[in-house]
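The values are calculated or read from the model by the stated rules, or taken from the named source; none is laboratory data. Everything numeric in this text was worked out from a predicted model, so none of it was measured. Don't worry about glycine lacking a Cβ; one is built from the backbone with ideal geometry, like all the others, and counts go over all protein chains shown. SASA here: full protein model, heavy atoms, side chains in, ligands and nucleic acids out. Shrake-Rupley method; radii C 1.70, N 1.55, O 1.52, S 1.80 Å.
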Amino acid sequence: MILDPIPGRPVRAPQEPLPQGACDSHTHVFGPFERFPLVHPPAFPAPLAPISAHQTYWAQSGLDRALLVQPAHYGFDHSALVDALATCPNTRGVALADGSVSPAVLEALAKAGVVALRFSDFPAPGGGVRPGSVGISHLEALAPIMRELGLHAQVWAPAETIVERLPWLRALGMPIVLDHMGMPDLSRGPDDPLFRQIVEAAADGAVWVKLSVCRVSQQGPAFDDAGPFHRVLVSAAPDRVLWASDWPFIRMDNGGPDVGLLLDRFTAWLDGDMELRRRILVANAEALFGFDRAIKTNKLA
């Protein structure tokens, strides 16, 4: 088993304090491994990032809420995720399931705080299907029970795949969230027809898009190449975008990017519009993930 230690670099708070209720819409819980061992041997290091490490991250950054996304390393074993959701009431979860899952299992996950299922059409490093991932093809069979339980779908796939499936995704009758900005090829520029179709889908309410830049940018640590894409998405669909870090930055060198810098770049690309910043960080996440209006901080729980 390949393990990384808890991300050791302290998280820097952004220059502008975050509004109350700010949400990170994409993080992953790993461990503690003596309680929650990995199900699938990792093809890349699995960071030790239990819910206690997340609480430290929130306290350091000023975040109040988070969406915890089930890592492929755990497959369909949601023990660590469910434990984290129970520990921190200001979190919601994204689970993994395929067409073999029973309605009772999905109902139990929904009661535990799961609000979505994740589907991925990204190949594993070196080719083949990523162990523990669930392809988009499973979404059609799961859509009826997901709609019944009020779950939405989160999709991680290349932009080409997303655009190809957009008519089908629109017809599912549920919210669709695209991970990592819809995975555009930044080298093509923000006028790329594939990216523009994703923007149009967000603008007309067909999809939501996570503004997590570190998985698409080739210009870390400032991620300047993502700025124009970020601006286009926010301008076209301010009510359909979500801020996300992807903490604890699996498969990224040197512990991943500076979260404070990620938040500072986010603010700069909004041209300092604090009300828009609050809408994206708080109101959009609140509307989609079903957080209670009363904010019970879990940063120091």
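Taken over the range 213-266, the criterion of being small (Gly, Ala, Ser), in contact with an Asp or Glu (Cβ under 8 Å, 6 or more places away or on another chain) and either open to solvent by 50 Å² or more (accessible area, probe 1.4 Å) or free of Cβ contacts under 8 Å to residues at least 60 places away in the same chain (or both) is satisfied by Ser217, Ala236.
For every residue, the table says whether it meets (1) among the acidic types (Asp, Glu); (2) surrounded by 20 or more Cβ atoms within 10 Å (Cβ to Cβ); (3) at pLDDT below 95.
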residue	(1), (2), (3)
Arg9	no, no, yes
Arg12	no, no, yes
Val39	no, no, yes
Ala46	no, yes, yes
Asp64	yes, yes, no
Val69	no, yes, no
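Count of the range 100-120 residues, restricted to those that are part of a loop (DSSP other than H, G, I, E, B) and open to solvent by 50 Å² or more (accessible area, probe 1.4 Å), is 1. Among the residues of the range 77-107, which ones are out of contact with any helix residue (DSSP H, G or I) (no Cβ under 8 Å at 6 or more places or on another chain) and either hydrophobic (A, V, I, L, M, F, W, C) or more than 23 Å from Ser137 (Cβ to Cβ) (or both)? Those that are out of contact with any helix residue (DSSP H, G or I) (no Cβ under 8 Å at 6 or more places or on another chain) and either hydrophobic (A, V, I, L, M, F, W, C) or more than 23 Å from Ser137 (Cβ to Cβ) (or both): Ser79, Pro89, Asn90, Val94, Ala104, Val105.
Run down Pro238, Pro228 and say which single residue is more than 19 Å from Thr27 (Cα to Cα), in a helix (DSSP H, G or I) and modelled with pLDDT of 95 or more. Just a single option satisfies the conditions, and that option is Pro228.
Of the residues making up the range 164-185, those that are over 18 Å from the mean Cα position of the chain (by Cα) and either farther than 28 Å from Pro257 by Cβ or open to solvent by less than 20 Å² (accessible area, probe 1.4 Å) (or both) are Glu164, Arg165, Leu166, Pro167, Trp168, Leu169, Arg170, Ala171, Leu172, Gly173. Any residue that is under 16 Å from Val134 (Cβ atoms) and at pLDDT 95 or above - is there at least one of those in the range 184-199? No, that holds for no residue. For the range 34-84, filtering for residues that are acidic (Asp, Glu), under 23 Å from Ala116 (Cα atoms) and assigned to a loop (DSSP other than H, G, I, E, B) leaves 2.
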